[in-house]
Amino acid sequence: MSQIISSRQTLLSCVNQQPSLRKIINVSASDTRLVEARASLLLSSIHRSHGALQESLTSATYLNSITESCRDLGLNIEAAAYFEVANAMWDQGEMASSIGMLQELEQLSNLKQQTIPIGKSKILAKIASQVSMAKLEKPDRIIEKYLSPALAELKGKTDGSDAGQVYHEFAVFCDRQYQDPDSIEDLERLRTLKEMKEMEVETLLKLSKEATSGQKQRNHRAYNQAKQWLALDTEEYERLNDGRGQLLRRSLENYLLSLAAWDDHNNDALRFTALWLEHSDEEVVSESVSKHLFKVATLKFASLANQLTSRLLDTKDEFQVLLLGLVLNICKDHPHHGMYQIWAGTNSNPSANDETALSRQKATKEVALKLSKSPRSGGTWSAIDRISHQYCHFASEREKVKSGSKIRLSNSPAGSALNAMLQKNPLPPPTLQIELAADKNYSRLPTMISVDPSFSIASGISAPKIVTLLASNGKRYKQLVGVYFLRIWYLKYLLMCRRLRVVLTISGKMQSWSRSSHKSANS
């Protein structure tokens with residue numbers, strides 16, 4: 001990619017120096033110079049993203065060197081050049097130089113007249129990020145001096161690259177402060193000190209009640225003094241704890257706003273989800289999340305459908321209401337990335353003593369019911385439900401033949417039923433790698449048409465079946481279908497392999513994992 005962009009940059013530079021060439025292709029000097037500047041900017045950012053720091057600095061420096069010639073042509077690219085050089089310097093480890101350049105850039109008088117626009121809010125957000133990482137100013141000062149003005153500069157704008165960058169930097173800043181080891185250590189120290197003071201106050205109160213008249217007065221004075229110290233320690237502890245809670249809420253809100261505003265930081269969905277699930281039992285967190293959760297496109301959470309679905313429970317607290325709504329929307333917008341997990345949950349067979357597993361199954365059944373009643377998703381859900389059940393029947397059908405033997409599909413009632421059902425319920429092959437679609441349109445996907453007239457039996461105690469499906473795109477997909485017994489859980493599931501990729505769809509009887517093993521289950 002760098003060779004292509006470098007060649008484009010060289011070509012434009014040559015054209016810019018030859019008026020006769022520009023006349024032939026009918027372009028102006030300002031046009032060629034502007035595209036050359038954009039190519040240099042792109043080349044530098046690509047090098048930075050791949051860790052080629054010296055090449056990035058070279059491109060950024062060249063961009064900075066042509067600012068004078070661009071100005072002569074009526075092009076103002078100083079802000080873009082300075083911003084890129086500052087980024088390259090930061091990656092080189094030149095922290096002070098990078099921050100100084102950004103602070104100079106923020107004071108540029110013609111910032112709003114730039115040909116390649118760089119918003120002041122974006123610059124302030126970047127300064128806040130770098131000053132925070134360099135630990136040059138206190139967190140409260142960074143918010144007051146950089147982040148709050150950056151938000152004010154947006155003037156209510158909630159979409160676009162600048163807004164996305166500001167919200168992202170604000171979220172990351174709050175997240176870093178929340179995870180700061182020194183802050184956590186201070187809070188733990190104050191908590192321990194507060195508990196010790198509480199024990200001291202209780203002891204002195206008890207001694208004061210049991211002491212004689214002369215000793216009682218001294219104990220009472222000591223009790224009052226200890227009580228005053230306890231009040232001060234409690235106040236300081238609550239101040240720090242409330243500050244951390246505010247950082248957490250701000251971080252979650254700004255992660256969501258960043259995801260809703262732009263696509264530059266889609267990985268924020270992963271960090272947001274981790275924080276949200278970690279603090280799911282805190283009501284104030286759910287209140288903060290509820291403000292912006294459904295403004296974010298489900299595309300950005302669809303890849304986390306497994307983790308989100310595994311946390312569903314049949315309770316009516318705020319967190320579960322939000323989670324159920326999110327999972328439901330993912331299934332409606334991206335059915336092939338979310339519905340199979342719901343189907344597996346509804347068809348599990350948890351132990352009667354496992355309340356968590358029973359609650360999870362009830363919640364997935366509620367999602368399934370809403371999917372079946374929705375005009376938008378009902379058809380796809382019904383098809384997945386029928387096909388998955390039929391796959392399980394086919395998997396559990398035992399064949400009294402040796403491994404390696406070939407069997408005609410017509411001799412298998414479940415296999416024949418599956419073959420007949422495929423045409424009535426068009427679905428893409430479960431082993432097909434399906435990309436998430438931003439427009440939510442999956443109608444162009446190839447669908448399964450039929451099963452090959454014969455299938456074979458693989459070796460092993462479970463004797464799984466090897467079948468081949470023909471899809472509407474003319475391709476053939478091999479699948480391994482079988483019933484397996486495991487030591488911990490008994491699972492009847494559909495195991496389908498395509499090349500080196502394995503997809504598991506769990507169904508039938510399954511002892512669901514308990515809350516204590518939740519983390520390993522998510523893994």
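The values are calculated or read from the model by the stated rules, or taken from the named source; none is laboratory data. It should be emphasised that the depicted structure is a prediction, and the values quoted were computed from it without experimental measurement. Neighbour counts are summed over all protein chains in view; Cβ atoms, including those assigned to glycine, are modelled from backbone coordinates with ideal geometry. The accessibility values were calculated without ligands, DNA or RNA, using every heavy atom of the protein model including side chains. Shrake-Rupley method; radii C 1.70, N 1.55, O 1.52, S 1.80 Å.
Taking HIS220 as the residue in question, decide whether it is free of Cβ contacts under 8 Å to residues at least 60 places away in the same chain and under 18 Å from VAL321 (Cα atoms). When the stated conditions are applied, HIS220 does not pass them. Of the residues making up the range 247-265, none is within 25 Å of GLY160 (Cβ to Cβ), out of contact with any helix residue (DSSP H, G or I) (no Cβ under 9 Å at 6 or more places or on another chain) and modelled with pLDDT under 95.
Going by the structure shown, is ILE118 touching a residue at least 12 places away in the same chain (Cβ under 8 Å), among the β-branched types (Val, Ile, Thr), under 22 Å from LEU41 (Cβ atoms) and assigned to a loop (DSSP other than H, G, I, E, B)? Judged against the criteria, ILE118 is a match. The set of residues from the range 295-316 being buried (at least 21 other Cβ atoms within 10 Å of the Cβ), more than 13 Å from ALA363 (Cα to Cα) and touching a Ser or Thr at 6+ places or on another chain (Cβ under 8 Å) comprises just one member, PHE301.
Test of understanding: among GLU236, GLU253, which residue is among the acidic types (Asp, Glu), assigned to a helix (DSSP H, G or I) and surrounded by fewer than 18 Cβ atoms within 10 Å (Cβ to Cβ)? None of the other options fit; the residue is GLU236.
Here is a yes/no grid of residues against (1) assigned to a helix (DSSP H, G or I); (2) under 41 Å from the mean Cα position of the chain (by Cα); (3) surrounded by 17 or more Cβ atoms within 10 Å (Cβ to Cβ); (4) at pLDDT below 85:
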residue: GLN9; (1), (2), (3), (4): yes, yes, yes, yes
residue: LEU12; (1), (2), (3), (4): yes, yes, yes, yes
residue: ASN16; (1), (2), (3), (4): yes, no, yes, yes
residue: ALA37; (1), (2), (3), (4): yes, yes, yes, no
residue: LEU41; (1), (2), (3), (4): yes, yes, yes, no
residue: HIS47; (1), (2), (3), (4): yes, yes, yes, no
residue: GLN54; (1), (2), (3), (4): yes, yes, no, no
residue: LEU57; (1), (2), (3), (4): yes, yes, yes, no
residue: ALA60; (1), (2), (3), (4): yes, yes, yes, no
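In this structure, does SER280 turn out to be in a helix (DSSP H, G or I), crowded, with 16+ Cβ neighbours inside 10 Å, at negative phi and in contact with a helix residue (DSSP H, G or I) (Cβ under 7 Å, 6 or more places away or on another chain)? It is false that SER280 is in a helix (DSSP H, G or I), crowded, with 16+ Cβ neighbours inside 10 Å, at negative phi and in contact with a helix residue (DSSP H, G or I) (Cβ under 7 Å, 6 or more places away or on another chain). Is at least one residue of the range 163-173 open to solvent by 40 Å² or more (accessible area, probe 1.4 Å) and either in contact (Cβ under 8 Å) with a residue 60 or more places away in the chain or assigned to a helix (DSSP H, G or I) (or both)? Among the residues of the range 163-173, not one is open to solvent by 40 Å² or more (accessible area, probe 1.4 Å) and either in contact (Cβ under 8 Å) with a residue 60 or more places away in the chain or assigned to a helix (DSSP H, G or I) (or both), which makes the answer no. Only one entry of GLU137, GLU144 meets the criterion of being open to solvent by 70 Å² or more (accessible area, probe 1.4 Å) and of a type outside the set (A, V, I, L, M, F, W, C), and that entry is GLU144. Filtered by the rule that a residue be under 20 Å from HIS168 (Cβ atoms), out of contact with any Asp or Glu (no Cβ under 6 Å at 6 or more places or on another chain) and surrounded by fewer than 21 Cβ atoms within 10 Å (Cβ to Cβ), the range 100-129 gives GLU106, PRO117.
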